[in-house]
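Student: Can you keep this structure in mind? I'll have questions shortly.
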Amino acid sequence: MKIAILSRGPSLYSTSRLKESAEARGHEVDVIDTLHCYMDITSSKPTVRYHGKELPKYDAIIPRIGASITFYGTSVVRQFEMMGTFSINESVAISRSRDKLRSLQLLSRKGIGLPRTGFASKPDKVGDLIKNVGGAPVVIKLLEGTQGIGVVLAETNKAAESIVEAFMGLKANILVQEYIKEAGGADIRCLVVGGKVIAAMKRQAAAGEFRSNLHRGGSAEVVKLSPAERKTAVDAAKVMGLHMCGVDILRSNSGPVVMEVNSSPGLEGIEVATGKDVATMVVEFLEKTAKPNKNKTKGKG
């Protein structure tokens, strides 16, 4: 197959591992900087151009779209879809998962476990917003935050009200969520590919920190999932419409709850923690699945 990896960093671990694994299995791979693509939106003959040339026909693309370029990145993915190229994650699914509020609403509608969550633009009663998710301590998140940035734990109702009011004064969109104390600063990252959990790790927050992101000093180890946790991860990926994603789960007293579904999960942490060759499993999925014009949306919406 001829595969394109849409990535701004060819030397990044995830990108280089995917390229290395695909080439080891005999595929031709190009790493393409998403922001340097430009589109020829001609009637009946959509194309993508790159460095002054029309890109060749690819059998499949693997989008590694950073959160900061979601709008343009999904536009490029959509253009490839219109050309009939199979994308491991479709543009609509990426956009859906990147909108934290929309993704939580979709997961909620399907009955998937979630922490109690509040969202408001200008609530008349900030105290009622906090009370409605169970009161302090609460977690307050910027909708646009990534890798634990823009996530604050408010220990008291007064502190929570002050933080919410401060964010609203900056016209920032925020979520207020219950704090799952029993999780003990740990979460579980499940990597789902093709409707199956192919690897899972437990991430533990560093001392004095409640965010378990590895970028913030957290540690990781292999973990055994319960049937409920495995089903929750698979169902969350299905609701988002993602063939490949990271599903972050907390262990709560009421069962597994989903914190986030990530459409461009990093591979380094989970490969190191589990010892699994995740990149090759992704390529194997493409080998079985990638067919021309197989995208469900075919570039729509």
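The values are calculated or read from the model by the stated rules, or taken from the named source; none is laboratory data. Just so we're clear, the structure is a prediction, and the values are computed from it rather than from any experiment. Don't worry about glycine lacking a Cβ; one is built from the backbone with ideal geometry, like all the others, and counts go over all protein chains shown.
Student: Give the residues of the stretch 50-66 that are surrounded by 12 or more Cβ atoms within 10 Å (Cβ to Cβ), outside any loop (DSSP other than H, G, I, E, B) and free of Cβ contacts under 8 Å to residues at least 60 places away in the same chain, sorted by residue number.
Tutor: Within the stretch 50-66, TYR50, ILE61 meet the criteria.
Student: Let me ask something else. Before we move on, is GLY73 at positive phi and not assigned by TED's automatic domain parsing to the domain that holds MET240?
Tutor: no
Student: Quick one: what pairs do we get from the stretch 234-257, first residue under 19 Å from SER87 (Cβ atoms), second of a type in the set (Lys, Arg) and assigned to a strand (DSSP E or B), C-beta under 6 Å, 6+ apart or different chains?
Tutor: From the stretch 234-257, the pairs are GLY246/ARG189.
Student: For SER252, all conditions in the list (1) under 23 Å from LYS100 (Cβ atoms); (2) under 19 Å from the mean Cα position of the chain (by Cα) hold save one; what is the number of the exception?
Tutor: Of the numbered conditions (1) under 23 Å from LYS100 (Cβ atoms); (2) under 19 Å from the mean Cα position of the chain (by Cα), the odd one out for SER252 is (2).
Student: A follow-up question, please. Suppose we filter GLY66, GLY84, GLY111 for residues that are under 21 Å from PHE285 (Cβ atoms) and out of contact with any Leu (no Cβ under 9 Å at 6 or more places or on another chain); which single one remains?
Tutor: After applying the criteria, what remains is GLY84.
Student: Quick one: which residue in PHE80, PHE71 is over 30 Å from LEU142 (Cα atoms) and in a helix (DSSP H, G or I)?
Tutor: So the residue among PHE80, PHE71 that is over 30 Å from LEU142 (Cα atoms) and in a helix (DSSP H, G or I) is PHE80.
Student: Return the residue satisfying two criteria in turn: it lies in the stretch 85-118 and is more than 30 Å from ASN293 (Cβ to Cβ) and within 15 Å of the chain's Cα centre (by Cα), and of such residues it is surrounded by the fewest Cβ atoms within 10 Å (Cβ to Cβ).
Tutor: Among those residues, the one meeting the criterion is LEU101.
Student: Here is a list: VAL239, VAL234, VAL278. Which entry is hydrophobic (A, V, I, L, M, F, W, C), buried (at least 19 other Cβ atoms within 10 Å of the Cβ) and either closer than 28 Å to GLN105 by Cα or in contact with a Gly (Cβ under 8 Å, 6 or more places away or on another chain) (or both)?
Tutor: Exactly one of VAL239, VAL234, VAL278 is hydrophobic (A, V, I, L, M, F, W, C), buried (at least 19 other Cβ atoms within 10 Å of the Cβ) and either closer than 28 Å to GLN105 by Cα or in contact with a Gly (Cβ under 8 Å, 6 or more places away or on another chain) (or both), namely VAL239.
Residues are listed down the side, and each one gets a yes or a no for (1) under 21 Å from VAL92 (Cβ atoms); (2) within 25 Å of the chain's Cα centre (by Cα):
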site: TYR38; (1), (2): no, yes
site: TYR50; (1), (2): no, no
site: PRO63; (1), (2): yes, yes
site: GLY73; (1), (2): yes, yes
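Student: Of all residues being in a strand (DSSP E or B) and either among the small types (Gly, Ala, Ser) or assigned by TED's automatic domain parsing to the domain that holds ASN89 (or both) in the stretch 238-271, which is modelled with the highest pLDDT? Just the residue, please.
Tutor: GLY246
Student: Another one. Restrict the check to the stretch 19-34 and report whether at least one residue is touching a Phe, Trp or Tyr at 6+ places or on another chain (Cβ under 9 Å), in a helix (DSSP H, G or I) and surrounded by 13 or more Cβ atoms within 10 Å (Cβ to Cβ).
Tutor: Taking every residue of the stretch 19-34 in turn, at least one turns out to be touching a Phe, Trp or Tyr at 6+ places or on another chain (Cβ under 9 Å), in a helix (DSSP H, G or I) and surrounded by 13 or more Cβ atoms within 10 Å (Cβ to Cβ).
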